[in-house]
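The values are calculated or read from the model by the stated rules, or taken from the named source; none is laboratory data. The model shown is predicted, which means the values in this text are computed figures rather than measured ones. Glycine also receives a Cβ, built like all others from the backbone with ideal geometry; neighbour counts cover every protein chain displayed.
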Amino acid sequence: MDYKKINDYEVLYMIRENSEDARDILYEKYLPILKKLASSYYARNKNLGADYDDYFQEAVIAFYRAISSYDEAKNALFYTYVSSVVRKHLLSFVRSLSVKKNTTLNECSYDEAILYNAEDKTSSSEKEMDEQLLNIKNDFDIKYSTVFELRFNGFSYREIANLLDIPMSTVQSRVNKIKKTLREKMLNAF
């Protein structure tokens with residue numbers, strides 16, 4: 001099939017009419033663009049620890065979001081809109097990887113405690129650590145202790161934000177303050 005001759009707007013109309021075939025047609029048409037963008041971001045950011053497949057997956061996610069959020073009334077070409085959305089999404093993905101790589105806060109024992117909590121607690125030292133962390137939780141203000149407990153129980157930032165009806169940036173700043181406080185308390189304990 002010659003994808004260059006396909007009218008994007010007709011296919012978008014068919015997608016809005018719930019045609020799965022139309023979604024596949026548009027995906028096939030834009031696949032080379034998605035691969036190129038993913039490849040470009042991957043080549044520039046190999047040192048961040050993500051594979052090409054991760055970048056490509058993020059590009060595909062952004063592509064499908066662009067399909068559902070595209071508004072013809074805004075007089076933007078669909079191609080331009082898709083390219084913009086995918087680039088912004090990949091840039092956001094790179095930033096999130098960069099933050100994870102460069103922050104020392106993620107190396108805090110608090111995160112390890114979350115992992116311990118998710119596994120079977122068979123060792124007494126792990127149980128003691130959990131008890132100590134939960135006791136420290138009581139030292140925090142209620143708005144911090146709530147975030148602490150939810151994060152400790154494995155909830156993601158987005159889930160916490162939805163549960164508490166607060167912005168995700170607020171959750172992130174509270175978690176960062178909790179980690180800083182925990183690190184200080186652990187350093188003082190030794």
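Here are some notes:
- Subset of segment 161-175 (residues that are within 15 Å of the chain's Cα centre (by Cα) and at pLDDT below 85): 162
Conditions tested, residue by residue: (1) without any contact (Cβ under 8 Å) to a residue 12 or more places away in the chain; (2) of a type in the set (Lys, Arg); (3) surrounded by fewer than 16 Cβ atoms within 10 Å (Cβ to Cβ); (4) assigned to a loop (DSSP other than H, G, I, E, B).
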position	(1), (2), (3), (4)
154	no, no, yes, yes
166	yes, no, yes, yes
172	no, no, yes, no
182	no, no, no, no
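Results for (1) modelled with pLDDT under 90; (2) of a type in the set (Val, Ile, Thr); (3) farther than 29 Å from residue 172 by Cβ, shown as yes or no for each residue.
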residue	(1), (2), (3)
12	yes, no, yes
29	yes, no, yes
35	no, no, yes
58	no, no, no
69	yes, no, no
72	yes, no, yes
75	yes, no, yes
86	no, yes, no
98	yes, no, no
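To keep it simple, each residue is scored yes or no on (1) in contact (Cβ under 8 Å) with a residue 12 or more places away in the chain; (2) surrounded by 19 or more Cβ atoms within 10 Å (Cβ to Cβ).
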| position | (1), (2) |
| --- | --- |
| 10 | no, no |
| 16 | no, no |
| 24 | no, no |
| 35 | yes, no |
| 39 | yes, no |
| 67 | yes, yes |
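- Every residue from segment 37-62 that is over 17 Å from the mean Cα position of the chain (by Cα) and small (Gly, Ala, Ser): 39, 40, 43
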